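Taking it in order: structure first as structure tokens, then the write-up.
Each reported figure results from applying straightforward, stated rules to the coordinates on display, with no laboratory input. What you see is a predicted model; the values in this text were computed from it and never measured. Here the Cβ positions follow ideal geometry from the backbone for every residue, glycine too, while neighbour counts run over all protein chains shown.
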Amino acid sequence: MIDSVDKKILELIDKRVVSGEKLAEELGITRTAVWKRVKKLRNLGYNIESRGNGYILKSRTELLLENEVRPFFKTSFIGKRYVFFKEIDSTNTYARKSVFEDGTVVLAQKQSSGRGRRGRKWVSSGKGLYFSIVLKPSIPVSEVLKFSLIFPLSILDALSRSGISSKIKWPNDIYINGKKVSGILIESDTEGEITNRAVVGIGINVNDSLEDIKEIEDIATSLHIETGKYFDRKLLLSEILFQIEQRYISFLTGKKDEILKDLEKNMLWIGEDVVLTDGNSKTEGKLIGINNYGGIRLKTENGILDIFSGDLSLRKVDDV
């Protein structure tokens, strides 16, 4: 989308006026080609002013183009390949259909058919982060649930570094003040008893206003709504990818119990009466923690139950 010539133009006109003639000379292209390049950059959101016979870059694009985000990355392999779309149906769908190396990140400014867990729709305003990471962990199927906990914990860590307190609604939603701000969808490929590929889809409401999430405002929120601040999405994306890479490497090198301890400390509704719904069945009990496989433990009338799938919700007073 942005090539070396585009990058050079942006570099040359940053904070100073440069004539079309000078740009053409520096780049070895015609003045008409310069004009076309400037038009392309403007269409990508760069605020380029024409002054006399020259151009000056006044502000950069809000699009999370590779040349915009790459300078902030702190990872060694996650994001080494970065694929950007202005709009796509679903980053997870695209990543699953493609052959990508370990650590590839696919990000879209907007998704027309973003998906959450259990086929739920994920609303994207264009002001959040919507991306998928391709990972190749080669882990036993029995460890997949525990593996999935890496991602909400990483987001929680990244938000904490921005001064935001959040909680994890098991297994992988992030909540602030009782409302959902982030969701994660993991789709994996398994051969025999080994999961060798996982596409991790992450959606985060960042700078969304109340108007942007009007249709889901009863259950959802954004970082902006909660804090009144606007966040640099480039920095937030970089921090999230860094935290994920650190926890991912730690997991693969055997430090797995830390994940369970950290999740239990940051769980939403721990010690409270909850309802777990899985299909047509419902289980009620007190949420007391995490088991050794990443499932939850409920204290019920029939004793302590270990449960590995389903949707949690608070038990309402009327249900008691």
### Message
How big is the dipole moment of the chain about its Cα centre under a simple scheme where the beta carbon of each Lys and Arg is +1, that of each Asp and Glu is -1, and everything else is neutral? Debye, nearest 20, please.
### Response
1100 debye
### Query
Considering only 141, 24, 220, whose Cα is most displaced toward the positive end of the charge dipole of the chain, charges sitting on Cβ of Lys, Arg (+1) and Asp, Glu (-1)?
24
### Message
Run the reach check for residue 80 against lysines, Cα to Cα strictly under 23 Å, same-chain hits fewer than 8 apart removed. What comes back?
### Response
7, 8, 97, 110, 136, 234
### Message
Helix-only estimate, please: 222 nm mean residue ellipticity of the chain, summing -39500 (n - 2.57) across DSSP H runs of length 4 or more and dividing by its residues, to the nearest 500.
### Response
-8000 deg cm²/dmol
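Based on the Cα coordinates of region 4-59, what is the per residue volume of their convex hull in Å³?
Working: hull volume 3.6 nm³, N = 56.
Output value, Cα hull per residue: 65 Å³.
For region 66-265, what does the relative contact order come out to in percent, with C-alpha contacts under 8 Å and a separation of six or more?
Details: 382 pairs, mean separation 44.8, N = 200.
So the answer I get is 22 percent.
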### Task
Go through region 43-48 residue by residue and turn each phi into a ³J(HN,Hα) via Karplus (6.51, -1.76, 1.60, θ = phi - 60°); whole Hz please, and just put x for glycine and proline.
5, 8, x, 6, 8, 10
### Task
Could you work out the mean projected area of the convex hull around the alpha carbons of region 184-308, in square nanometres to one decimal?
10.8 nm²
